[in-house]
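What follows is a short report on a single structure.
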Amino acid sequence: MDKVIDIEERIPSMREKRRRKTNKKFIFIIAVFCIALLVLLYFQSPFSKVGAIEIHGAQLYDDEFYFEKSGIPIGSSYWGFVTKEVEKELLKIEGVSKVSVTRKLLRDVEISITEWKMVAYMENDGNFDLLLENGELISSDINYPNVPILNHVDKPDLRKKLTKQLLKMDKDVLHLISEIIYTGTEENPDTITAFMDDGFEVHAIIPTFAEKMDYYPEITSQLEDMEKGIIDMEVGTYFSPFNKIYGQEKELEMEGEGEGEGDVDGEENE
């Protein structure tokens, strides 16, 4: 025989389930209302505004330059910009190779800049542009005393070959170079002359410049007690004091001037 359940016994449990369901709906509505209120208050508060922008890695340009180019004013909406779009804009700047824009903490923004390495200065109508590792030439008001000046290196392919050598060179040796002059001819198209901060003059060829300059500190340590001169690294490695090279040239110049005077006198006597 089937068991008979009294409906009156089930009513309290049904009421309890209905009450619980109603309470859940009420709690859900209250939660949504509170979240909406908090979001509204947040966007009305200073916490939703950009508080500070940190720039890292800037050397070619100052922080203010990158700040302006980012297009994110202090006090603007913290969520009012797309980081990827800001990165694209900053990548358009000459000399910039990588950019990372991230939101930090509650209201700060961090911009990390990776720039192409600075290789040398290039003289341009009395001004000096910076030569970067990717071959770009850019104007910059910032001084970099640890990069050499390049002269007569006007052809892009020549600049590229020399840049490759300077990037391979030991930094301590590179920082000793004050100026590099291209002296190539049709017969010897790769010759250069490097003037060093310690007073020596180096004659070399571009393809082996970095390799030969690795031995520069060792060579100069053996010349400490000698007068300054020319270190020729074009084929082997040879040293000649300045007075031996330029002294002879000066004597020949003086002899040439004397011969010229004699010729003039002879013409007058005739």
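Does GLY199 satisfy being in a loop (DSSP other than H, G, I, E, B), under 17 Å from VAL147 (Cα atoms) and in the same structural domain as ASP157 (by TED's automatic domain parsing)? If you could, list the steps in order and put the result at the bottom.
Values: in a loop (DSSP other than H, G, I, E, B): yes; under 17 Å from VAL147 (Cα atoms): yes; in the same structural domain as ASP157 (by TED's automatic domain parsing): yes.
Spelling it out, GLY199 is indeed in a loop (DSSP other than H, G, I, E, B), under 17 Å from VAL147 (Cα atoms) and in the same structural domain as ASP157 (by TED's automatic domain parsing).
Any idea which of (1) closer than 19 Å to LEU130 by Cβ; (2) in contact with a helix residue (DSSP H, G or I) (Cβ under 9 Å, 6 or more places away or on another chain); (3) modelled with pLDDT of 90 or more is the one PRO207 doesn't satisfy?
Looking at each condition in turn, PRO207 falls short on (1).
Looking at region 79-123 only, could you name the residues that are in contact with a Gly (Cβ under 8 Å, 6 or more places away or on another chain) and modelled with pLDDT under 90?
Selection gives LEU106, ARG107.
Is it the case that region 83-105 has a residue that's under 30 Å from PRO46 (Cα atoms) and in a loop (DSSP other than H, G, I, E, B)?
For region 83-105, residues under 30 Å from PRO46 (Cα atoms) and in a loop (DSSP other than H, G, I, E, B): present.
Tell me whether region 59-72 contains one or more residues that are among the hydrophobic types (A, V, I, L, M, F, W, C), assigned to a loop (DSSP other than H, G, I, E, B) and at pLDDT below 90.
Applying the first criterion (among the hydrophobic types (A, V, I, L, M, F, W, C)) to region 59-72 yields 60, 65, 67, 72.
Then drop every residue that is not assigned to a loop (DSSP other than H, G, I, E, B), which leaves 60, 72.
Checking which are at pLDDT below 90 leaves us with 60.
Scanning region 59-72 turns up at least one residue that is among the hydrophobic types (A, V, I, L, M, F, W, C), assigned to a loop (DSSP other than H, G, I, E, B) and at pLDDT below 90.
Only one residue in LYS92, LYS98, LYS117, LYS88 is more than 15 Å from PHE67 (Cα to Cα), among the basic types (Lys, Arg) and out of contact with any Ser or Thr (no Cβ under 7 Å at 6 or more places or on another chain). Which one?
Matching residue, one of LYS92, LYS98, LYS117, LYS88: LYS117.
Please give the number of the condition GLU218 fails out of (1) crowded, with 19+ Cβ neighbours inside 10 Å; (2) farther than 28 Å from LEU130 by Cβ.
(1)
Output the number of residues of region 116-133 satisfying the condition of being surrounded by 19 or more Cβ atoms within 10 Å (Cβ to Cβ), out of contact with any Phe, Trp or Tyr (no Cβ under 6 Å at 6 or more places or on another chain) and assigned to a strand (DSSP E or B).
4
The values are calculated or read from the model by the stated rules, or taken from the named source; none is laboratory data. None of these values were measured; they are calculated from a predicted model. Cβ coordinates were reconstructed from backbone atoms using ideal geometry, including for glycine residues, and neighbour counts include every protein chain displayed.
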